[in-house]
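What follows is a set of notes on a single structure, which appears directly below.
Each value in this text was obtained by applying a stated rule to the coordinates, not by laboratory testing. All values derive from a computational prediction rather than experimental measurement. Virtual Cβ from ideal backbone geometry, glycine too; neighbours counted across all protein chains shown.
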Amino acid sequence: MGAGPSTASNGSLSLKGDIAVVVGASQGIGLGVARRFARAGANVWIVVRNEQKGKAVVDELKQLGAPDARYSLADLSSKDDCQRAAGEIKTAAGEGGIGYLIQTQGGPPGAHDDAPGIDPHFAVQVFSRVILAYELRHTVKRSSVAIAIAGMGAKQFDTDDITLDRVKASGRASSALAKIVTIGGRDATVLDAAWLELAKDSSPDVQYLHLFPGVVKTNVMANTGQSAFFIWMSWLAGVLMGRTIDQYAEIPFFLTANPEGRKFVERGGMFWNERFKKVGAAPRAEDESTRKAIWDWLLAQMAR
Ligand SMILES: NC(=O)c1ccc[n+]([C@@H]2O[C@H](COP(=O)([O-])OP(=O)(O)OC[C@H]3O[C@@H](n4cnc5c(N)ncnc54)[C@H](OP(=O)(O)O)[C@@H]3O)[C@@H](O)[C@H]2O)c1
């Protein structure tokens, strides 16, 4: 798909009157995306877990041009908090709904993600995104976006062990690298399965996107308790080929809010990397019976 489109026309867009909800906007990629929508004059509502950070970001967003910047507080590792935050957003948005839901919370699995069942990593990185996208599926009018590792996933997927309890107990995912490959592959498969199911039943005006950000200069490795070696590797990758959060934010902004970007998505589908290259859905998410089993499991977890 060539060099990809230019985001230059982003600069002339005004989103006055639109609402963008950015989840995980207290720092990192989410903060960059929230700032980008604020600069275009959108009302930016952020979801964060820390009140002090929420207030500071809201002040900044107002200064950048978001007339109605506000925050909701939620610990996204809690299903109840996710459902409560979604309810508050739905009520505040009313009939008009929100234009954009952009989810950036979480990061790679860390040292403490071996607990059986829905562990804190899975809860934030995957389950919270599914809950918010599902609860807000009739509220979002233009784009529902997950920014996370995409284009991963093994050819095998055990739908009887979505929480990877057997893998965790066997110690097969105990090293940092094995965690990122095994757990990251599971995450991508579940997220892709959910996004494909949500897109299937949504209005054609709403675009579902799963975006892989490439390397963005954030503190995600330290924030998720990775080893000093991984933190150093990620710092080096950032220096050599990373984008700042504000540089990267032009991409999700282009694909969701810019008419040229929306046409690009219409032609190319829902999975993109940071160079505007299509990445495939996780292989097992494309298999109908696996996808349906994952989706039924997610619906059951949300209803518990
Ligand atoms: N940066 C990259 O190069 C890169 C590459 C590939 C994929 N990704 C993916 O992109 C996403 C964003 O990464 P990032 O680099 O922006 O990470 P980050 O800088 O660590 O930001 C993560 C955000 O998630 C929030 N968060 C974490 N746990 C939460 C919880 N329980 N409740 C509420 N909020 C919570 C954090 O809030 P606090 O400020 O309160 O901690 C923070 O705002 C992640 O899924 C990551 O895996 C990033």
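In region 60-156, the inverse of the mean reciprocal separation of distinct Cα atoms equals 15.0 Å; this is its Kirkwood hydrodynamic radius.
The lysine pair count for region 102-200, using Cα distances under 23 Å and pairs eight or more places apart or on different chains, is 5. Counting only Cα atoms, the size of region 258-304 along its three principal axes is 41, 22, 17 Å, in decreasing order. On the beta carbon distance between residue 287 and residue 50, with R0 = 35 Å, the FRET formula returns roughly 0.35. The charge dipole of region 219-288, taken about its Cα centre with unit charges on the Cβ atoms of Lys, Arg (+1), Asp and Glu (-1) only, comes to about 160 debye. Where only DSSP H runs of four or more residues are counted, the chain gives -13000 deg cm²/dmol as its mean residue ellipticity at 222 nm, each run worth -39500 (n - 2.57). Distance distribution P(r), region 1-94, all Cα-Cα pairs, bin width 5 angstrom from 0: 3, 15, 23, 21, 17, 9, 6, 4, 1 percent. Note on region 227-303: Rg/Rh from C-alpha atoms, Kirkwood Rh, equals 1.11. Annotation: Cα Rg of region 107-189 relative to the compact-globule expectation 2.2 N^0.38 Å equals 1.16. Residues whose amide H falls under 5 Å from that of residue 208, counting only those 5 or more places apart or on a different chain, are 144, with hydrogens built in the peptide plane.
Convex hull volume per residue, computed on the Cα atoms of region 160-286, equals 125 Å³. Which of the lysines could be linked to residue 79 by a straight reach, that is with a Cα gap under 17 Å, when you skip same-chain ones fewer than 8 residues away? Counting by Cα, and skipping residues close in sequence, residue 79 has these lysines nearby: 90. Kindly express, to the nearest 10 degrees and within the range 0 to 90, the angle between helix 288-303's C-alpha long axis and the longest C-alpha principal axis of the chain. The answer is roughly 80 degrees. Within the listed set 72, 203, 12, the Gaussian network model of the chain (springs between alpha-carbon atoms below 10 Å) gives the highest mean-square fluctuation for 12.
Applying 1/(1 + (r/R0)^6) with R0 = 22 Å to the Cβ-Cβ distance of residue 299 and residue 203 gives a FRET efficiency near 0.65. Estimated from the Cβ-Cβ distance and a Förster radius of 35 angstrom, the FRET efficiency linking residue 156 and residue 260 is about 0.35.
When Rg and the Kirkwood Rh are both derived from Cα coordinates, the Rg/Rh ratio for the chain amounts to 0.94.
Karplus-derived 3J(HN,Hα) values for region 170-184, using 6.51 cos²θ - 1.76 cosθ + 1.60 with θ = phi - 60°, are 6, x, 5, 10, 8, 6, 4, 5, 4, 4, 5, 6, 6, 6, x Hz; glycine and proline are entered as x.
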